[in-house]
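K.L.:
Pasting a structure below so you can have a look.
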Amino acid sequence: MIYLLYGDNEFEKRQKIAKLIDGLDSERHDGEIIKQSQLRDLVQGQTLFTLKRSIIIDDLSLNENELWQKLPDILQDDDDLTLILLENKLDKRTKTYKWLQKIAKIEEFTTFTERQKSQLINWCVKRASQLGFTLEKNYADMIIARLGYDQLRLNNILKQLSLIQKIDQPTLDKILPLPKTENIFELFDATLKGDREKIHQIVGYFEMTEGADSAYKTLGLLVSQAVNLSALILSDGDHTKVTSDFSVNPYALRNLSSLVKRVDKTQLHHIIYALSEADEKMKSTVVSPWLLLETALMKIAQK
């Protein structure tokens with residue numbers, strides 16, 4: 001039987017794979033580099049000692065030899081073979097996808113979104129119960145706020161929590177990273193203080209835990225901090241006016257108010273210019289976006 005599993009929810013895909021290959025001899029291959037002859041041997045080969053078997057192939061649609069297009073001529077339905085094709089992104093317009101719709105079992109696994117937060121909270125509570133401990137919904141909400149909507153990441157932290165006798169706020173504060181907004185303020189604050197070591201530490205943590213794409217979001221949040229700080233400085237620290245004109249959370253402004261006295265208009269111009277320059281380079285070069293971001297913050301910190 002042929003299965004096509006696609007989407008960005010790695011946890012759900014792994015759960016599905018475990019069910020499909022339960023008790024079967026299995027092997028896994030990188031579809032991006034596999035050759036046509038190798039693929040034919042895999043799907044058509046038989047062994048004398050093992051009748052039922054499973055094969056997992058990752059990202060075959062990215063194959064440099066365009067094997068994805070040739071699949072209808074290579075694959076054949078075999079009751080003794082469980083063939084699992086794994087894809088993150090998939091072009092549903094291809095002939096191969098339309099062909100697979102007729103002969104394969106296709107499932108999409110997507111990451112939860114903010115609109116589905118209540119469902120994800122319930123999943124965390126249920127998953128905790130499966131792991132042998134009780135998790136209150138308010139703590140599940142807190143975990144999601146800190147870690148995001150990636151079920152694989154959430155599952156890993158729930159496994160850690162299953163080893164702890166008491167789940168409470170202090171315990172979670174020790175284990176979980178700070179919310180993104182608080183880490184961003186720490187990064188912005190360290191930059192204005194000229195604390196280069198802390199800049200490197202926080203940027204390194206973001207890069208390790210969130211991946212390359214998150215650098216663009218981080219830059220956007222830093223720009224928001226800079227804009228809010230500009231508004232406070234130009235309004236002589238008038239929180240009420242800035243909150244009203246910019247629809248800014250008062251709590252965010254309270255954090256920034258401590259920075260107002262440390263930054264003048266000349267420094268403000270330098271901050272905006274450095275962040276703008278980083279934005280341009282991140283859009284136009286292939287250099288690591290985290291490196292470009294850290295370089296910009298280091299420039300600001302030197303002033």
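The values are calculated or read from the model by the stated rules, or taken from the named source; none is laboratory data. Everything numeric here is computed off the predicted structure, so don't read it as measured data. Positions of Cβ are backbone-derived with ideal geometry, glycine not excepted, and every protein chain shown enters the neighbour counts. Only protein heavy atoms, including side chains, enter the accessible area calculation; ligands, DNA and RNA are left aside. Shrake-Rupley method; radii C 1.70, N 1.55, O 1.52, S 1.80 Å.
K.L.:
I'd like to know how segment 262-303 sits against the 2.2 N^0.38 Å rule of thumb: what's its Cα Rg over that expected value?
P.N.:
1.19
K.L.:
If the only charges are +1 at each Lys and Arg Cβ and -1 at each Asp and Glu Cβ, what is the size of the charge dipole of the chain around the Cα centre, to the nearest 20 debye?
P.N.:
Using only the charged Cβ atoms, the result is roughly 620 debye.
K.L.:
Going through segment 53-94, which trypsin sites (Lys or Arg not before Pro) have at most 15 other Cβ atoms within 10 Å and a DSSP loop state?
P.N.:
When the trypsin sites (Lys or Arg not before Pro) of segment 53-94 are filtered for loop state and at most 15 Cβ neighbours within 10 Å, K89, K92, R93 remain.
K.L.:
Find which of S61, A274, I103 sits farthest along the positive direction of the dipole of the chain, computed with +1 on the beta-carbon of Lys and Arg, -1 on that of Asp and Glu, about the Cα centre.
P.N.:
Farthest along the dipole direction, towards plus: A274.
K.L.:
A follow-up question, please. Nearest 500 deg cm²/dmol is fine: what mean residue ellipticity at 222 nm does the chain get from its DSSP H runs of n ≥ 4 alone, each adding -39,500 (n - 2.57), divided by its residue count?
P.N.:
That comes out to -18500 deg cm²/dmol.
K.L.:
Taking R0 as 30 Å, what's the FRET efficiency between E280 and E197 from their Cβ-Cβ distance, rounded to 0.05?
P.N.:
Working from the Cβ atoms, E equals 0.65.
K.L.:
While we're looking at this one, here's another question. Report the full-extension gain for the segment T171 to D141: residue separation times 0.36 nm, less the Cα-Cα distance, to one decimal in nm.
P.N.:
Separation in residues times 0.36 nm, less the Cα-Cα distance, equals 9.3 nm.
K.L.:
For M298, M282, give the ranking by accessible area with the largest first, probe 1.4 Å.
P.N.:
Result, largest first: M298, M282.
K.L.:
I've got another one for you. Would you mind checking K16/K105; K70/K92; K13/K105; K166/K198; K16/K52 for any pair whose Cα atoms are more than 20 angstrom apart?
P.N.:
K166/K198
K.L.:
Give me the 1.4 Å probe accessible area per residue for the chain, excluding ligands and nucleic acids, in Å².
P.N.:
58 Å²
K.L.:
What does a probe at S129 reach in segment 150-165, counting residues whose amide N is under 18 Å from the point 7 Å along Cα→Cβ?
P.N.:
Only 155, 158-159, 162 fall inside the zone, counting backbone N under 18 Å.
K.L.:
Ok, one more. Just in segment 116-194: which GluC sites (Glu not before Pro) are loop by DSSP and have at most 14 other Cβ atoms within 10 Å?
P.N.:
The qualifying sites are E136.
K.L.:
Which percent of the accessible heavy-atom area of the chain goes to carbon and sulfur, probe 1.4 angstrom?
P.N.:
C and S fraction of accessible area: 49 percent.
K.L.:
Angle, helix 117-130 long axis vs. longest principal axis of the chain, Cα atoms, 0 to 90°, nearest 10?
P.N.:
Its long axis makes an angle of about 60 degrees.
K.L.:
Follow-up question, since we're still on this one. Once the piece of chain linking L291 and Q119 is laid out straight, how much longer is it, given 0.36 nm per residue of separation minus the C-alpha distance between them?
P.N.:
So the chain would gain 58.3 nm between L291 and Q119.
K.L.:
So, one more: Along the charge dipole of the chain, Cβ charges K/R +1 and D/E -1, which of Y205, Q119, V287 sits furthest on the positive end?
P.N.:
Toward the positive end, the furthest listed residue is Q119.
K.L.:
Write down the Kirkwood hydrodynamic radius of the chain, to one decimal in angstroms, obtained as one divided by the mean of 1/r over all alpha carbon pairs.
P.N.:
About 23.2 Å for the chain.
K.L.:
L268 versus N65, label points 7 Å from Cα toward the beta carbon: distance in nm?
P.N.:
Roughly 6.2 nm, to one decimal.
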